[in-house]
1. What residue, among those in the range 4-36 that are within 18 Å of the chain's Cα centre (by Cα) and modelled with pLDDT of 85 or more, is surrounded by the most Cβ atoms within 10 Å (Cβ to Cβ)?
2. Return the total of residues in the range 124-173 being on the phi > 0 side of the Ramachandran plot and out of contact with any helix residue (DSSP H, G or I) (no Cβ under 8 Å at 6 or more places or on another chain).
3. For TYR130, are the conditions met, namely being modelled with pLDDT of 80 or more and of a type in the set (Ser, Thr, Tyr)?
4. Please tell me if SER90 is part of a helix (DSSP H, G or I) and open to solvent by less than 50 Å² (accessible area, probe 1.4 Å).
5. Suppose we keep only residues that are of a type in the set (Phe, Trp, Tyr) and over 23 Å from LEU55 (Cα atoms) within the range 122-173. Which one would you say is surrounded by the fewest Cβ atoms within 10 Å (Cβ to Cβ)?
6. Quick test of your reading of the structure: LEU73 fulfils all but one of (1) open to solvent by 70 Å² or more (accessible area, probe 1.4 Å); (2) more than 26 Å from the chain's Cα centre (by Cα). Name the failing condition by number.
7. Among the candidates PHE101, PHE80, PHE13, which residue alone is touching a Leu at 6+ places or on another chain (Cβ under 9 Å) and under 30 Å from ASP122 (Cβ atoms)?
8. If we scan the range 87-110, do we find a residue that is in contact (Cβ under 8 Å) with a residue 60 or more places away in the chain and over 32 Å from the mean Cα position of the chain (by Cα)?
Amino acid sequence: ISIIGIWMFIDSFHLEGITVSLWILVFILASILLKTISMNKLEKNFKKSKSNTILMNIEEARLDILSSIIVTLVVILTQFSDIIPVLDKSAMIGSLIISLFIIKSGIELLKDNVLILMGAVDTDEVKIEYIKKEIEQYKVQASSIELINYGSYYKVHLVLILKPNMTIAQAKR
């Protein structure tokens with residue numbers, strides 16, 4: 001995604017003086033509407049599943065909507081380039097802005113996915129409290145609980161404190 005953004009950034013410098021047809025606004029506005037509906041459905045699904053894939057799709061939809069809004073502004077501004085000559089650069093500026101968003105998004109997606117593959121520490125208090133409650137049924141204390149998220153599964157690191165002279169077998173009882 002970042003490579004596409006870099007290519008788009010470089011290519012943006014060739015867009016000076018372009019006037020875009022107003023008819024394209026119909027398609028852009030339809031795209032914004034459909035993407036907004038899609039994003040709302042994804043957000044409802046994310047609340048249920050907390051899936052990283054759905055979250056990435058939501059972020060992509062937000063970027064698409066923002067990019068479409070910028071393109072809408074560019075189309076409108078280019079219509080006035082005959083009257084205000086400086087507006088003939090609006091296609092180039094809009095493309096530069098969108099390409100920077102794409103580059104940033106690509107870097108963030110890469111960072112998030114690499115962290116998940118490597119194992120990102122999860123600090124979700126609800127999950128930690130659940131583990132603490134499960135541990136309470138034994139005669140031990142947890143001095144530290146660390147959740148490591150590896151995509152679809154977790155690894156839990158626990159440091160348990162036993163009473164002096166207590167064996168693990170005694171802690172189970």
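The values are calculated or read from the model by the stated rules, or taken from the named source; none is laboratory data. Bear in mind the structure is a predicted one, so any value in this text is a computation, not a measurement. Here the Cβ positions follow ideal geometry from the backbone for every residue, glycine too, while neighbour counts run over all protein chains shown. Just the protein is used for accessible areas: all its heavy atoms, side chains included, with ligands, DNA and RNA removed. Shrake-Rupley method; radii C 1.70, N 1.55, O 1.52, S 1.80 Å.
1. In this case the residue turns out to be LYS35.
2. 1
3. Yes: the conditions hold for TYR130.
4. Taking the combined requirement at face value, the residue satisfies it.
5. It comes out as TYR130.
6. (2)
7. PHE101
8. So far as the range 87-110 goes, yes, one or more of its residues are in contact (Cβ under 8 Å) with a residue 60 or more places away in the chain and over 32 Å from the mean Cα position of the chain (by Cα).
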